[in-house]
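Q: Okay, here's the structure, questions in a sec.
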Amino acid sequence: MAVKLRLVRMGKKKQPTYRVVAADSRSPRNGRFIEILGTYAPRAEPSVVTIDNDKALKWLRQGAQPTERVEKLLKISGAWETFTPTPAP
């Protein structure tokens, strides 16, 4: 099972908030997920990012692949600097 760290859209129409989740890569965007890692509120000024770095690191070390946006959020929260992926030979 390939696990991805990605966003799930929540909130009202034209007022999105997102959850950062670990989900099977085959499940739909707002479908089943394995674990909630945090939240992202882009409409707040400044935007609010709350991510449980311990949970995120656990999934990254197990091989979960973050999407581009989640990778940026992990860099903001500081989890990406703690996790140093090994370069492919």
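Nothing in this text is a laboratory measurement; each read-out follows from the coordinates by a stated rule. Note that the structure is a prediction, hence the values are computed from the model and not measured. Counting neighbours? That spans all protein chains shown, and the Cβs are built from the backbone with ideal geometry, glycine included.
Q: Below 13 angstrom from the Cβ of Ser25, what's the summed charge of the other residues (Lys, Arg +1; Asp, Glu -1)?
A: Combined, the nearby Lys, Arg, Asp and Glu give +4.
Q: Continuing with the same structure: Hey, can you grab everything whose amide H is under 5 Å from the amide H of Ile34? Only 5+ residues off in sequence or another chain; H modelled, so Pro and N-termini drop out.
A: Ala22, Ala23, Asp24
Q: Also, quick follow-up: Using amide H atoms built 1.01 Å from N in the peptide plane, name the residues 5+ places from Met10, or on other chains, whose amide H lies under 5 Å from its own.
A: Thr17, Tyr18, Arg19
Q: Report, in debye and to the nearest 20, how large the dipole of the chain comes out about its Cα centre when Lys and Arg carry +1 and Asp and Glu carry -1 on their Cβ.
A: Using Cβ point charges on Lys, Arg, Asp and Glu, the chain gives about 540 debye.
Q: Here is a follow-up. Net charge near Glu35: determine it from the other residues with C-beta under 15 Å of the C-beta of Glu35, scoring Lys and Arg +1 and Asp and Glu -1. Don't skip to the end; give the middle numbers.
A: Working: positive: Lys4, Arg6, Arg19, Arg32, Lys55, Lys58, Arg61; negative: Asp24, Asp52, Asp54.
Residues near Glu35 contribute +4 overall.
Q: Okay, moving on. In percent, how large is the relative contact order of the chain, given Cα pairs closer than 8 Å and 6 or more residues apart?
A: Relative contact order, the chain: 25 percent.
Q: If you plug each phi of region 31-39 into the Karplus form 6.51 cos²θ - 1.76 cosθ + 1.60 with θ = phi - 60°, what whole-Hz ³J(HN,Hα) values come out, in order, with x for Gly and Pro?
A: Going residue by residue, I get x, 5, 9, 8, 7, 8, 9, x, 9 Hz, with x marking Gly and Pro.
Q: Additional query: Is it possible to state the helix-based mean residue ellipticity at 222 nm for the chain, with each DSSP H run of 4+ residues giving -39500 (n - 2.57), the sum divided by total residues, to the nearest 500 deg cm²/dmol? What is it?
A: About -7000 deg cm²/dmol.
Q: Using a cut-off of 14 Å between beta-carbons, work out the net charge of the residues near Glu71 (Lys and Arg +1, Asp and Glu -1, Glu71 not included).
A: Around Glu71, the surrounding residues sum to +3.
Q: Under 17 Å Cα to Cα from Lys4, which lysines show up? Leave out anything in the same chain fewer than 8 places away.
A: Lys55, Lys58, Lys72, Lys75
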